[in-house]
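**Q** Handing you a structure now.
The values are calculated or read from the model by the stated rules, or taken from the named source; none is laboratory data. Bear in mind the structure is a predicted one, so any value in this text is a computation, not a measurement. We place every Cβ from the backbone using ideal geometry, glycine too, and count neighbours over all the protein chains shown.
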Amino acid sequence: MITDPSIGFAVALVGGYLIGSIPFGLLLTRAAGLGDIRAIGSGNIGATNVLRTGRKGLAIATLLLDALKGVAAVLLMRWLAGDQDLVAGTAAVLGHTMPVWLGFKGGKGGATALGVCLSAMWPVGLACMAVWLVAAKVTRISSAATLIGVGSAPLLALILSDAEHALLALLVGLLIFWKHEGNIRRLLAGTEPKIGQK
């Protein structure tokens, strides 16, 4: 384990970012012969847009792998850099949303953030999943459910964990809300597509 705090911080920041920046949605759809997912639907590389190809299996795989990036970043950096795991989790979401390999144009971070929450503060992660499921059932809109789930995370972290984890949830939440700017505009206009809609 790295004992120097400054080195640990740097390793967690870079390592978390690189793990988060793996574009599984793009890699899976290309491997399946579907071309560039960025040319389909919203142009996003996440599971919701992969679902618009009609390949539910690929969408589920993308969702799971994107979430596992968050889990891997937190657990690996917790082992390697000690108390820098929350830095790594935040960096993983940043890597997913702004991967250097794709010109800093990536996904919107929901699944990766869930993986970070589940591994860094599992009660909060489970609570956010429950909020997301209820919101998705009611709205039938993935972006709305994600924003509601992410928006509830800081408060849930304060109740179920501590202030440090609440700050992590807040930072990640602000990043995800920023990446959902277009979705928020469409939600307000009533033009955001439903789950599964091409």
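**Q** For region 23-40, name all the residues that are assigned to a loop (DSSP other than H, G, I, E, B) and either touching a residue at least 40 places away in the same chain (Cβ under 8 Å) or under 18 Å from the mean Cα position of the chain (by Cα) (or both).
**A** P23
**Q** Turning to a different aspect of this structure: Any idea which of G70, G95, G54 is crowded, with 21+ Cβ neighbours inside 10 Å and touching a residue at least 60 places away in the same chain (Cβ under 8 Å)?
**A** Being crowded, with 21+ Cβ neighbours inside 10 Å and touching a residue at least 60 places away in the same chain (Cβ under 8 Å) holds for just one of G70, G95, G54, which is G95.
**Q** Return the only residue of S21, S42 being at pLDDT 90 or above and either within 24 Å of H180 (Cβ to Cβ) or among the aromatic types (F, W, Y) (or both).
**A** From the options S21, S42, the qualifying one is S21.
This table checks each residue for (1) over 14 Å from the mean Cα position of the chain (by Cα); (2) of a type in the set (V, I, T).
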| position | (1), (2) |
| --- | --- |
| V100 | yes, yes |
| V116 | no, yes |
| S119 | no, no |
| G125 | no, no |
| L133 | yes, no |
| A145 | no, no |
| S161 | yes, no |
| L171 | no, no |
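**Q** Oh, and also: Going through region 108-150 one residue at a time, which ones are assigned to a loop (DSSP other than H, G, I, E, B), buried (at least 17 other Cβ atoms within 10 Å of the Cβ) and touching a Lys or Arg at 6+ places or on another chain (Cβ under 8 Å)?
**A** Once the filter is applied, which keeps residues that are assigned to a loop (DSSP other than H, G, I, E, B), buried (at least 17 other Cβ atoms within 10 Å of the Cβ) and touching a Lys or Arg at 6+ places or on another chain (Cβ under 8 Å), region 108-150 yields K108, G109, I141.
**Q** When residues of region 4-21 are filtered for being buried (at least 16 other Cβ atoms within 10 Å of the Cβ) and either touching a strand residue (DSSP E or B) at 6+ places or on another chain (Cβ under 9 Å) or among the β-branched types (V, I, T) (or both), how many remain?
**A** So the count comes out to 2.
**Q** Mind telling me which of the residues G151, G109 ends up being under 30 Å from D36 (Cα atoms), among the small types (G, A, S) and in contact (Cβ under 8 Å) with a residue 24 or more places away in the chain?
**A** G109
**Q** Could I ask something else about it? Among T191, T139, T90, which is the only one that is out of contact with any helix residue (DSSP H, G or I) (no Cβ under 7 Å at 6 or more places or on another chain), among the polar types (S, T, N, Q) and modelled with pLDDT of 90 or more?
**A** T191
**Q** Read through the list (1) in contact with a Pro (Cβ under 8 Å, 6 or more places away or on another chain); (2) hydrophobic (A, V, I, L, M, F, W, C); (3) surrounded by fewer than 16 Cβ atoms within 10 Å (Cβ to Cβ), then give the number of the only condition that A166 fails.
**A** For A166, the exception is condition (3).
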